[in-house]
Amino acid sequence: MYHATTSQPALLPSNWYTDSTIHRREAAALGRAGWQLVTTTTGLSKPGDYQAMDRLGVPLIVRNHDGELVALRNVCAHRQCQLVTEGGGHAKDLKCPYHGWQYGGDGRTRKIPAAKNFPHFDRERYRLNRYPVQVVGQLVFVNLAGESTTLGDDDWGSDFAAKTDAKLWQQVLHEELEYSCDWKIPIEGSLESYHLSEVHSQTFGNDPGENESTHELLSWGTRFRTDARDDSFLARMEERVMRWLVGEFGPHYQHVHVFPNIMASFTDTMSLVYQITPTGTSKCKISVFGFTRCPKRSGIIAGTVASGLGRSAASMARKVLDEDAAIFPLVQAGMNSACLDDTSQQTGRIFGRCEERLHAFHVHWSSLMNSERVSSKEATLEDHHE
């Protein structure tokens, strides 16, 4: 059932989707908001394994240092050379390819060639920034704000951990996709089922409707649940394969949104966890990680079936992502025209009762951005008085 009894207005103005100044403010606010989903433990099992990526303009390297996962700024403190290129790899030492400076897991220098050229060297000042890391299931999060606050204290943390537990789930998908739209547009597209019959009729199917849906509006985010399921040949085959492979199957589906930009969809067959971040004005990136069940049966046949199931689920996820990718630029084009036509910069959008999760996101983000603006003004006034 839905909570809203009437339709609801959109709270975010159209220019929040098109303006370069707003983009910079939002990117900074997302960084200060805390945890970023950057990678998984796959490929980080041995000392020396690493994954390098960019999040919100911050170049990061997540590396296994003697069994501990650490996140460091991927830029040498000497001449600002990138230490490793983006992607995964393995290296005995974390060493700059330009002059050979080496670093430890604490970010301090370990070896500087011809160190006599740097008398009275300050190792505390010239070091790599280190960021807090937390692992939830197989998911690796980094806190760009540098805060070591616990991630997932709310019940979503236990859900994410259980649905990506390495003993039960194997990673089958990792995608980094660029969209030509503001980062909020893909989030809004994920928060309602109203568009399913129009956009995803060949993949998801139809909107289950209010009687088959449950919306949870929580302090940390929102959740959608349904047990509705198409009675198709493929659906019946999926159930039979899962019962044979792992001994159980339920029709449960849930979609989780953790404010502001972490999301997940969970079924008994597949877990899909993703985060959407801005990369430019009206541009964004989605980092997607997918998992399917490990077989409880042993043997070559079970392994082959599990592998096939993983490929099939990953293929379906890519189709859904492609269907969404075709729509988002059209929404962005509409936002662009709204800003040109509407001198007040106020959007005329409206959310139906079934889209109340979008309204909850708007309430959260407008409140956070307004708080940031007030804090910024207060800091400016304090500096002025000083």
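The values are calculated or read from the model by the stated rules, or taken from the named source; none is laboratory data. What you see is a predicted model, and the numbers here were worked out from it, not measured in a lab. In this analysis, Cβ positions are derived from the backbone assuming ideal geometry, glycine residues included, and neighbour counts consider all displayed protein chains. For accessibility, only protein heavy atoms count, side chains too; no ligands or nucleic acids. Shrake-Rupley method; radii C 1.70, N 1.55, O 1.52, S 1.80 Å.
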When the dipole is taken about the Cα centre of the chain, and only Lys, Arg (+1) and Asp, Glu (-1) are charged at their Cβ, what size is it in debye, to the nearest 20? 1900 debye
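Could you tally the net charge around residue 170, taking each other residue with its Cβ under 13 Å from the Cβ of residue 170, Lys/Arg +1 and Asp/Glu -1?
It works out to a net charge of +4.
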Among all the lysines, which ones have a C-alpha under 29 Å from residue 184's C-alpha, if same-chain residues fewer than 8 places away are not counted? 163, 283, 285, 319, 377
Restricting to DSSP H runs of at least four residues, report the calculated mean residue ellipticity at 222 nm for the chain, -39500 (n - 2.57) per run over all residues, nearest 500 deg cm²/dmol. -10500 deg cm²/dmol
Measuring from its Cα centre, region 53-187 shows a charge dipole (+1 at each Lys and Arg Cβ, -1 at each Asp and Glu Cβ) which, in debye to the nearest 20, is 1060 debye
For region 138-178 and region 285-322, what is the separation of their Cα centres, given in Å? 18 Å
Relative contact order of the chain, please, whole-number percent, based on alpha carbon pairs below 8 angstrom and at least 6 residues apart. 23 percent
For the chain, return all DSSP H helices satisfying: extent of Cα atoms along own axis at least 15 Å; mean Kyte-Doolittle hydropathy at least -0.5. 20-33, 233-246, 300-341
Quick one: accessible area per residue over the chain, 1.4 Å probe, rounded to a whole number of Å²? 49 Å²
Carbon/sulfur fraction of accessible area - the chain, other protein chains in place, 1.4 Å, %: 50 percent
When the charge dipole of the chain is computed with +1 at the Cβ of Lys and Arg and -1 at the Cβ of Asp and Glu, the Cα pointing farthest to the positive end, of 221, 141, 328, is that of 141
Using Cα-Cα distances under 8 Å and only pairs 6 or more residues apart, what relative contact order does region 242-304 have, in percent? 27 percent
Given H placed on each backbone N at 1.01 Å, which residues far from residue 169 in sequence or on other chains put an amide H within less than 5 Å of it? 294
I'm spelling it out carefully: the read-out is semi-axes √(5λ) of the Cα gyration tensor in Å, the candidates are (i) 37, 31, 17; (ii) 32, 27, 19; (iii) 34, 23, 20, and one was derived from this structure. Which label? (i)
Contact order normalised by residue count of region 146-259, Cα under 8 Å, 6+ apart, percent: 19 percent
Two-site label geometry, residue 330 and residue 363: point separation in nm, points 7 Å out along Cα→Cβ: 3.1 nm
Distance from the Cα centre of region 7-56 to that of region 58-93, in angstrom? 19 Å
